[in-house]
Each structure stands twice: as C-alpha cells, then as structure tokens.
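The values are calculated or read from the model by the stated rules, or taken from the named source; none is laboratory data. Note that this is a predicted model, so its numbers are computed, not measured. FYI the Cβ positions are ideal-geometry reconstructions off the backbone, even for glycines, and counts take in every protein chain you see.
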Amino acid sequence: MRPTADEYALFYAGYVEQVPENDIVRVLESQLAEVVQLWKSIPESEAAVIHKPYSWKIRQVLDHLTDGERIFGYRLLRIARGDQTPLPGFDEHFYANASEESAARLSDIVGAFEALRRANVLLLKNLPDDAWRRMGTMSETPVSVRALAYILAGHVRHHDAILRKRLCH
C-alpha cells in the first residue's frame, strides 16, 4: 500500500511520486539490477568527471546514493522496530564532499550499494504488516516505514535518470 501525504515531509513528495507502482519491494529488487548494470558500465576514468550544469562528480553521485541507502535503511530499521527516538537529518553536500577523500574503487561502491539494498529488501520482505504503518520522526518531521521504502526507491530513480542523461545511456 502506498504512503499517504501525511506520512512524509513535503520535501520527499517528489521521490514518492517517482514510484507509481504499488509493490515497493519488487520495485526495490528490480531497481537494484538496473542500477548495478549501469554503474558497472562506468569506467573508472569517468568517475572524476563533472558534466555541466551538474556540480558533483560521477563518483560523488554513486557515493551519495550509497550513503542514502545506508542512512535511510538505518532510519527504516529504527522506525520499523518501534523506536521513537527522533532521527536527525544529514547534509548531503557535506557527505558528498567528504566522499572525495575515499579511495574506494567504483567496484567497491557498487558492492556496498548492492549489499545495503539487499539488506534493506530482506528487512522489508520480513516486516509484519503493522510495521509498515509505524511512524517515527526524521529530520523533525513525521515519516512512516512505507514512506521510507518509497523514498529509497524514488531517490535512486531520480538520480538514475540524471546519471543516464549524463552518460548518454
């Protein structure tokens, strides 16, 4: 079941709207295969390229998506388990700039994303029905588990479209 608008902040509406499908677990699974296929096709030499008007290198985008998968997955777990501790936001630009210090090869970034997405899918597949409706606080706004699942997929879909445009795929 899709989340309703009162289950997430307006900021995330664009990501939720990116995913019209109802079976979010299936979307997350199929998206993994599509994204990994694209990412594995990117030569290491392309990783440091910035395509104007964009401001991040390809590597930073992949790191950003991997960081997002890790952070939103953690939030999803906490809220699914009923933890009511407010979860802070994170500055995506700070994280993207900090990723510049990473020596990770693209293949390592792809591997990390794959592992994180697989873990998130397994978590979601095994949640009881009532956990999907659980609400928590993220970045000082209410959010549900099912909204987080849609945000995960929509966030990747958003950046995947930009990457394909940048890479002419």
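For the range 113-169: of the residues being among the polar types (S, T, N, Q) and crowded, with 21+ Cβ neighbours inside 10 Å, which is farthest from R26 (Cα to Cα)? Show your work before the answer.
Here is the first cut: in the range 113-169, the residues among the polar types (S, T, N, Q) are 120, 126, 137, 139, 141, 144.
When the remaining residues are screened for being crowded, with 21+ Cβ neighbours inside 10 Å, the result is 120, 144.
Working: N120: 12, S144: 19 Å.
Once the filter is applied, the top-ranked residue is S144.
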Among the residues of the range 113-169, the number that are more than 18 Å from the chain's Cα centre (by Cα) and hydrophobic (A, V, I, L, M, F, W, C) is 5
Only helices (runs of 4 or more DSSP H) wholly contained in the range 45-155 count here; list those with 1 or more residues that are touching an Asp or Glu at 6+ places or on another chain (Cβ under 9 Å) and of a type in the set (S, T, Y). 92-98, 106-125
Of the residues L38, L28, L77, L65, which is at pLDDT 95 or above, touching a Phe, Trp or Tyr at 6+ places or on another chain (Cβ under 8 Å) and of a type in the set (A, V, I, L, M, F, W, C)? L65
Surrounded by 13 or more Cβ atoms within 10 Å (Cβ to Cβ), over 27 Å from A13 (Cβ atoms), among the β-branched types (V, I, T) and at pLDDT 90 or above, is that true of V110? yes
Selection within the range 39-75 - among the aliphatic types (A, V, I, L, M) and exposed (fewer than 15 other Cβ atoms within 10 Å of the Cβ): A48, V49, I50
Output the qualifying pairs, or none if there are none: Cβ atoms under 7 angstrom, residues six or more apart or on different chains, first residue in the range 31-44 and free of Cβ contacts under 8 Å to residues at least 24 places away in the same chain, second residue in a loop (DSSP other than H, G, I, E, B). none
